[in-house]
């Protein structure tokens, strides 16, 4: 029996993650289950070694008083012991509650108290400090465990425990009490597929985060279907770097690993992800659009600093790739001369780029979370990377639609995944049914009822349509954000914003125009890209605010906005939604300031309120506007940014072009 087939059998046989771990340890005991790069060296654990680690931690947690139904918070970045803590708690019938590592203390306090967490497992001193600072607000918290001991030796350890010590306590119990091992297996056996497996809190785009309750059946069936869809087996190599609290990481780095039996690799640090991915040779990957946008931005910035010959070669072969790359990737008929030219480009440009991104061995790569610009999507596929899109939600255990191989369209998010049904409601909202449909929102039956229709469908909150030619789903925007100009022209803000973010100089964009006469946008510059441009053009600046306000930066972004208008002129439905005015914000939009969610989605309503003076000025004909807005520094301190910004008018166009063709 091949390893992939064994993984499939295991997925069918066990209905909880602890049961899958026990089966994997028996069947895949010699195969790597997890790696972690520490001090430059990759440490590896086989499936049977992971079982020993999880069992010792689980017994240790039981000794601390963890019981069935209790909640265990997991706070930190991707480290093996944090993943093991989830399974260790589940083996006792407890429910893990992952929390975003970059949450400020107040955000963390809400989730910890709302979820009624009794034990928190933290990565390091930073996370421990945040929990301690809010401990007087956490009525049920009894113990805090930590993975990295650096800096914590002199803390009060009355409720503070090192994970290694808890595991040592569990191992001693296993050695001295002959009944402990059998009792632990009995506890694992008590778990059922219908039990609550995890509570994942949403990013809070429209208010307080909601605790999405998912069962083992939700996650395991969805993971198994995802494995079947992309033929994933135990030979895959995955790099775990996404937030633990995000459903994507929980499915790709935890549920799919346990059901398929493949190895999950934890990077040394967030800053080393690309290098670590290259060392491992990732075969299956996921990244939100922002990651791909940032990689492209860095690539373009570096090419601007390259010699004239290299720069010319790069742009020439990228042009070849844009013309033929996707057709070659999808095995379409291509002239021999084009294949030979592309092969030369692969040696000189595409192969080195894939290697630099750590994607040389990639077999399947996905992006989701929000819309990706079609031009950015096509860029990576043109390089020979099998990048695909999927559409999902926490409430669906990720999968709603995905793109099958051979049916890849930049403007769509694919067809319904295995066992998923979708429909478009009368108001244009996408609705779905699937085995991954969540149980409900924790302690919030009213919002649960709002999320589900009377006939059992789940409301996504997204507006979309089914392409009549391909059968693929197209997402237009958040349903609540889709509007109309006063003349009736359709306004899809996210669609415009993604066109603007195609340019490496633009990091973020927020469009306005609903129930108004025309469209305006507020832009964030990308400090890396624009800073590099400033250095090459002898533009002197001291702060982000100074650079963003520079007239030459305004000239550069105005050219980008004009080109977007020209591309919109080619689209009958969107031609009337061209951008008339714009400004550049004096600060970067930031999750700590509440302007973005922890998954980096724009909180459009909050931004409209916070920057109301700017919005008014964009529409009253003013040439500039002033504002004083609060900012949060990395250490939690508050400050105020006072700024006066310029507002530019932009000409609309009736001469359509394709993106990237303007002079």
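The values are calculated or read from the model by the stated rules, or taken from the named source; none is laboratory data. Computed from a prediction, not measured in an experiment: that's the story for all the values here. Heads up, the Cβs are rebuilt from the backbone with ideal geometry, glycines too, and the neighbour counts pull from every protein chain shown.
Figures for the structure shown
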item	result
Residue check for residue 643: surrounded by 16 or more Cβ atoms within 10 Å (Cβ to Cβ), outside any helix (DSSP H, G or I) and in contact (Cβ under 8 Å) with a residue 24 or more places away in the chain	yes
Number of the condition not met by residue 237 [criteria: (1) under 20 Å from the mean Cα position of the chain (by Cα); (2) within 28 Å of residue 112 (Cβ to Cβ)]	(2)
Unique residue being touching a residue at least 40 places away in the same chain (Cβ under 8 Å), assigned to a helix (DSSP H, G or I) and surrounded by 21 or more Cβ atoms within 10 Å (Cβ to Cβ) when the list is 359, 353	353
Some residue of the stretch 68-84 being under 19 Å from residue 165 (Cβ atoms), free of Cβ contacts under 8 Å to residues at least 12 places away in the same chain and assigned by TED's automatic domain parsing to the domain that holds residue 261	no
Among (1) closer than 14 Å to residue 548 by Cβ; (2) within 25 Å of the chain's Cα centre (by Cα), the one test that residue 608 misses	(1)
Test for residue 345: is it without any contact (Cβ under 8 Å) to a residue 60 or more places away in the chain, part of a helix (DSSP H, G or I) and either farther than 19 Å from residue 296 by Cα or in contact with a helix residue (DSSP H, G or I) (Cβ under 6 Å, 6 or more places away or on another chain) (or both)	yes
Residue match in the stretch 220-234 (condition: at positive phi and either in contact (Cβ under 8 Å) with a residue 60 or more places away in the chain or not assigned by TED's automatic domain parsing to the domain that holds residue 598 (or both))	yes
Test result for residue 589, in contact (Cβ under 8 Å) with a residue 40 or more places away in the chain, within 15 Å of residue 512 (Cβ to Cβ) and not in a loop (DSSP other than H, G, I, E, B)	no
Residue under evaluation residue 280, criteria (1) in contact with a helix residue (DSSP H, G or I) (Cβ under 9 Å, 6 or more places away or on another chain); (2) closer than 30 Å to residue 232 by Cα; (3) surrounded by 15 or more Cβ atoms within 10 Å (Cβ to Cβ), criterion not met	(1)
Residue list for the stretch 387-401, restricted to those being on the phi > 0 side of the Ramachandran plot and in a strand (DSSP E or B)	398
Any hit, the stretch 394-405, residues being outside the structural domain of residue 225 (by TED's automatic domain parsing) and more than 19 Å from the chain's Cα centre (by Cα)	yes
Any hit, the stretch 529-549, residues being surrounded by 14 or more Cβ atoms within 10 Å (Cβ to Cβ), in the same structural domain as residue 580 (by TED's automatic domain parsing) and under 15 Å from residue 649 (Cβ atoms)	no
Filter result for the condition that a residue is in contact with a strand residue (DSSP E or B) (Cβ under 9 Å, 6 or more places away or on another chain), within 30 Å of residue 201 (Cβ to Cβ) and not in a loop (DSSP other than H, G, I, E, B), over 608, 594, 576	608
Any hit, the stretch 486-494, residues being within 21 Å of residue 423 (Cβ to Cβ) and surrounded by 14 or more Cβ atoms within 10 Å (Cβ to Cβ)	yes
Matching residues, the stretch 433-454, being closer than 20 Å to residue 197 by Cα and in a loop (DSSP other than H, G, I, E, B)	434, 435, 436, 437, 438, 439, 442, 443, 444
Residue that is nearest to the chain's Cα centre (by Cα), among those in the stretch 406-421 that are buried (at least 20 other Cβ atoms within 10 Å of the Cβ) and under 20 Å from residue 495 (Cβ atoms)	413
Looking only at the stretch 26-59, and only at residues there that are in a helix (DSSP H, G or I) and in contact with a strand residue (DSSP E or B) (Cβ under 8 Å, 6 or more places away or on another chain), the one that is nearest to residue 85 (Cα to Cα)	53
The stretch 468-485: number of residues that are modelled with pLDDT under 90, in a loop (DSSP other than H, G, I, E, B) and surrounded by 14 or more Cβ atoms within 10 Å (Cβ to Cβ)	4
Qualifying residue in the stretch 428-441 (condition: surrounded by fewer than 18 Cβ atoms within 10 Å (Cβ to Cβ), under 30 Å from residue 567 (Cβ atoms), more than 21 Å from the chain's Cα centre (by Cα) and not assigned by TED's automatic domain parsing to the domain that holds residue 112)	yes
